[in-house]
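Remarks on the structure that follows.
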Amino acid sequence: MALRSRTTTDPGVDLERIRKEQAKPRRARLRIMIAGDANRPIRTITLPRRLPLVATLIVCTLAIATVLLACGSWKLNGALAGLERRMFAMVRAADSVALGAEDAHSTGRAAAQGPAGGLHTPIGGTGRFVIQSVNTGEELEV
């Protein structure tokens, strides 16, 4: 009894498979054609099929990062402006306290300023220190 091998293929099946592959619509590859000189009339550069997808993903990622960084910068700018307003308010308050204390000493009356009810002169000895400019060598004794 002769055994037939199943490895032999039917030429009709192979022909049908080939026809199906040829009938499939193929996506055209991206090509850039460059006209050249007389010796090389046309040069063709073939780009990968996934290049537009990759480029789109990169551009979208950069756009999202730009928007996020712009929002963060806007928030930081607002916080910096608020901090600057508070600092100027504190400087103005310190100036008004210093000028109020000077006026009170010159007129001989007590100054009632601030929530504590007034300014008090410091108790204890006075100190002295010297400030020296490194660039010019000038000194100021305070």
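The values are calculated or read from the model by the stated rules, or taken from the named source; none is laboratory data. Please read these numbers as outputs of a predicted model, since none were measured by experiment. Neighbour counts run over all protein chains shown; Cβ positions are idealised from the backbone, glycine included. Ligands, DNA and RNA are excluded from the accessible area calculation, which covers all protein heavy atoms including side chains. Shrake-Rupley method; radii C 1.70, N 1.55, O 1.52, S 1.80 Å.
Checked against the criteria, Thr121 does not count as of a type in the set (S, T, N, Q), modelled with pLDDT of 75 or more, in a loop (DSSP other than H, G, I, E, B) and loosely packed, with under 10 Cβ neighbours inside 10 Å. Remark: pairs (first residue in the range 41-56, under 9 Å from Leu30 (Cβ atoms) and open to solvent by less than 80 Å² (accessible area, probe 1.4 Å); second residue basic (Lys, Arg) and at pLDDT below 85; Cβ separation under 6 Å; 6+ apart in sequence or on different chains) = Thr46/Arg29; Thr46/Arg31.
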